[in-house]
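First the structure, in the form of structure tokens, and then the observations on it.
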Amino acid sequence: MPGNPENRLSDSCAPVYAVSGSRKFADSNVPLYLLSPDARKAATAQAVLHERCFISVQVLNEMTSVMRRKHQYTWPQVAHFLATIRSKCPVEPLTVETHDTARRLAERYQINTYDALIAAAALLAGCDTLYSEDMQHGLVLENTLHIVNPFLDST
């Protein structure tokens with residue numbers, strides 16, 4: 001008979017990495033706010049990204065989609081913006097391990113699959129903070145990853 005999954009190391013959604021210091025991860029909405037006409041949100045995004053946040057390939061994909069579909073940026077504009085972000089933020093790859101971890105996170109925490117892919121990448125990068133406007137502020141995933149909405153007081 002299985003025990004309480006929250007108390008079993010083997011049920012953890014992601015491997016635990018030894019990391020010195022705090023590591024931060026940014027959801028796609030953070031760098032996208034750099035493009036916002038809202039000066040306070042743009043400034044908050046800039047401050048968050050100056051912490052040398054990690055991002056993932058999923059974040060790059062989501063930014064590309066929003067910039068093309070919602071904001072009507074040209075492909076060269078998208079490429080320039082993504083190159084700028086990539087020069088400032090280490091990029092966690094999208095792998096089968098990311099997929100498997102995300103699937104387990106989505107099931108366990110009842111979060112959107114695409115949000116789970118970002119959370120999984122953050123866990124695999126050894127991050128302890130995930131800056132996101134889309135996920136529940138204050139939620140802690142796997143007793144490790146704290147969801148923080150940096151825009152709460154800039155609205």
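Readers should treat all values here as calculations from the given coordinates under stated rules, not as data from a laboratory. Worth saying up front: this structure is predicted, and the values here are computed from it rather than measured. All Cβ positions, glycine included, derive from the backbone under ideal geometry; neighbour counts span all protein chains shown.
Rounding to the nearest 20 debye, state how big the charge dipole of the chain is about its Cα centre with +1 on each Lys and Arg Cβ and -1 on each Asp and Glu Cβ.
460
How many percent of DSSP beta bridges within the chain run antiparallel, rounded to 5?
Antiparallel: roughly 20 percent of the beta bridges in the chain.
What number, rounded to the nearest 500 deg cm²/dmol, is the helix-based mean residue ellipticity at 222 nm of the chain, given -39500 (n - 2.57) per DSSP H run of at least four residues and division by all its residues?
-13500 deg cm²/dmol
Quick one: angle between helix 57-69 and the longest Cα principal axis of the chain, in degrees between 0 and 90, rounded to 10, please.
40
Hey, with R₀ at 22 Å, roughly what FRET efficiency would SER87 and LEU35 work out to, going by the Cβ-Cβ distance, to 0.05?
0.85
So which trypsin sites (Lys or Arg not before Pro) in region 46-90 pass both tests, a DSSP loop state and at most 14 other Cβ atoms within 10 Å of the Cβ?
Those satisfying the criteria are ARG52, LYS70.
ASP134 to GLU51: extension gain in nm, 0.36 nm per residue of separation minus the Cα-Cα distance?
Length gained, ASP134 through GLU51: 27.9 nm.
Sorted from largest down, give the three principal axis spans of the alpha carbons of the chain, whole angstrom values.
Result for the chain: principal-axis Cα extents of 56, 32, 29 Å.
Evaluate the relative contact order of the chain (contact order divided by residue number), counting alpha-carbon pairs under 8 angstrom at least 6 apart; express in whole percent.
30
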